[in-house]
Structures are given as structure tokens and as C-alpha cells.
Amino acid sequence: MTQIKMVAVDVDGTFVDHNHTFDVSRFRRILNRMTEVGAEFVIASGNQYWQLRDYFPGYDEEISFVAENGAYVKDHSDIVFVGEIEHDVVLRTLDWIESHPDIETVMSCLNCAFVERGRMREDFFEYMRMYYHRMEWVDDLRAITDPALKFALTVPHDKTMAYYDEIRATLTTGLVPTSSGHGAIDLIVDGCHKASGLDKLAERWDIDPAECATFGDGGNDIEMLRWAGHGYAMANATDEVKEAADYICPSNNEQGVLSTLEELFNL
């Protein structure tokens, strides 16, 4: 197999188990080994950077991040890309969201995420705190000046694909939807996805996609699984994701990413 110079992993359903934990000491050994051989480790997730960073307290700058489904890219300590949504697109999107009362949303921005008071439920806010470690209530999302990176929509589970299709047909300028399923749809700048973020890092590091391994389980992982020379779908992934991958590895609850990395880096 080609020497792996970059590894990128999704988080929920991939790197962490159903309790949102991973074997820290085991991963630390793997990361040390990767550092020894000059390989880069990247977290590639739809989640907020501030939430992802908290998984790696004290050594978050030893790794890199493609957060917000590619709208935020960080090379160790350097922010290299921010996919800001244009203000007029923000306003049109909020108009559309408000016309659908069964949709709840978080507007994720560069420095914080925001939920509109009066429209969203308190329990929705508390639930989303799991994914947004910097989040605040505001009276009006239209008044936010922090650069907007993503709208995270929560829709009824049985309407996920119907809303996905409606968004593609209706919000045709500036944003595209991506979904991991289960009622979650993200709206991000057209051209932003996990693979586009990884491509920016690979170019900076002079790494060919053929030298990369990616791991994922959801629909928003498909681009990066196809982009990499070695795409791994988790055993718990959807059939569509497995079809996009080159390999299937053990599930997230079996620490499939860590066991595969131990094989790839001879640990």
C-alpha cells in the first residue's frame, strides 16, 4: 500500500463511540507514531471547531481541522480558510427557514453559534450544546455580524430527504445542502465540503490524495471518501457511504478507526 501521509476522520459515528468518547491513550500512541513518520492527522466534521477542539485538550494544535463541513479549515495553529456566507444569502435563507415552522436552526459563525430566542425551544438549545460548545441566544439572527459559516437545520426525521430536495430546488444561489441523515441538514457555501477542505490542506503540505486515508459513516463523508486514495467506510455506515468507499473497517463502537490506523502505521 502507498505510504499514508494524511489521515482524515469524521467524528460522530466514526471516530467516537456512541458515548462520544474514544481511547485517548491509544490514540496518543498512534498520533506519536504518525508524527514520527511525518503523517498528518485531520478531524473532518460537520461540527463546530470549538466543539471538536475540546476532544483534544492540550494538544489540539498538534492536529488539523476541517470543521463546519469544509467551511473552516485550520492547519495546526493557522486558520487557512473561512467559507463565509454572503449577507444577502443569509437573509434569504432566514426568510425560507421562517416559512417552515417545523424547521429549527443554529446559525454557526466564525466565533460562536447562535439560536434565535422566541422561535426555538429551550430543549433544542440544550440538545445542540452537545455539538456547539460556543453558542448563545440572540433576539434576531439578522443582526449578527460575526461571519456566518453554516446553517444547521433540524427537520422531522421522515422529511429529511424531502427537505433536502426542496432546498436544492429553492435555495439555488450561494448555498448547498449536505446531510448526515436523521433529520440533520447543513447549508454551507457552494463548493465547500470535507473534500474541498482536505484538498486545501493537502496542497499546503504537498500531499497527493492518493497518499491519504479518510474515514466516515454519513452522507457528508462521501466526497472525502471518493477524494482519498484510501477511503474507509465504517461498518455502521449507510449503504450509500459503503459504496463510495474503497474499504470497510470495524464500527465506531469497535474503535474501527484506531485499529485500522494501528495496521496502517505498523503498531
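Given N residues in the range 130-199, what is Rg(Cα) / (2.2 N^0.38 Å)?
Scaled against compact globular proteins, the figure is 1.21.
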**OP:** Work from the charge dipole of the range 181-267 (Cβ charges, +1 for Lys and Arg, -1 for Asp and Glu, about the Cα centre) and give the residue of 261, 185, 216 farthest towards its positive end.
**Re:** 185
Subject >> Kirkwood hydrodynamic radius of the range 32-156, Cα pairs, Å >> reply: 15.6 Å
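Quick one: dipole size for the range 119-231, taken about the Cα centre, charges +1 on Lys/Arg Cβ and -1 on Asp/Glu Cβ, in debye to the nearest 20.
Around 160 debye, computed over the range 119-231.
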Subject >> Too-long pairs where the Cα-Cα distance tops 24 Å, listed order kept, from 74/159; 74/242; 5/150; 74/150 >> reply: 74/159; 74/242; 5/150
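Tally Lys/Arg at +1 and Asp/Glu at -1 over every other residue whose Cβ is under 14 Å from the Cβ of residue 34; what's the total?
Once positives and negatives cancel, what remains is -1.
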Original post:
Can you work out the base-10 log of I(q)/I(0) for the range 200-267 at q = 0.17 1/Å, using the Debye formula on its C-alpha atoms alone?
Top reply: -0.58
Subject >> With every protein chain in place, the range 77-196: carbon and sulfur % of accessible area (1.4 Å) >> reply: 50 percent
Subject >> Ratio of the Cα radius of gyration of the chain to 2.2 N^0.38 Å, where N counts its residues >> reply: 0.98
**OP:** Assuming 1.567 mPa s and 4 °C, estimate D for the range 108-267 with Stokes-Einstein, Rh taken as the Kirkwood radius over Cα pairs, in µm²/s.
**Re:** 73 µm²/s
Subject >> Separation between Cα centres of the range 1-30 and the range 42-81, rounded to whole Å >> reply: 14 Å
Original post:
Over the chain, what is the mean sequence separation of C-alpha contacts under 8 Å (at least six apart), divided by residue count, expressed as relative contact order in percent?
Top reply: 22 percent
**OP:** Taking H placed 1.01 Å from N in the peptide plane, check which residues at least 5 places from residue 8 or on another chain put their amide H under 5 Å from its amide H.
**Re:** 42, 213, 214, 215
**OP:** Please calculate how many Å² of accessible area the range 139-229 carries per residue, with a 1.4 Å probe and no DNA, RNA or ligand atoms counted.
**Re:** 43 Å²
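The values are calculated or read from the model by the stated rules, or taken from the named source; none is laboratory data. Computed from a prediction, not measured in an experiment: that's the story for all the values here. Cβ coordinates were reconstructed from backbone atoms using ideal geometry, including for glycine residues, and neighbour counts include every protein chain displayed. What goes into the accessible areas is simple: the full protein's heavy atoms, side chains included, and nothing from ligands, DNA or RNA. Shrake-Rupley method; radii C 1.70, N 1.55, O 1.52, S 1.80 Å.
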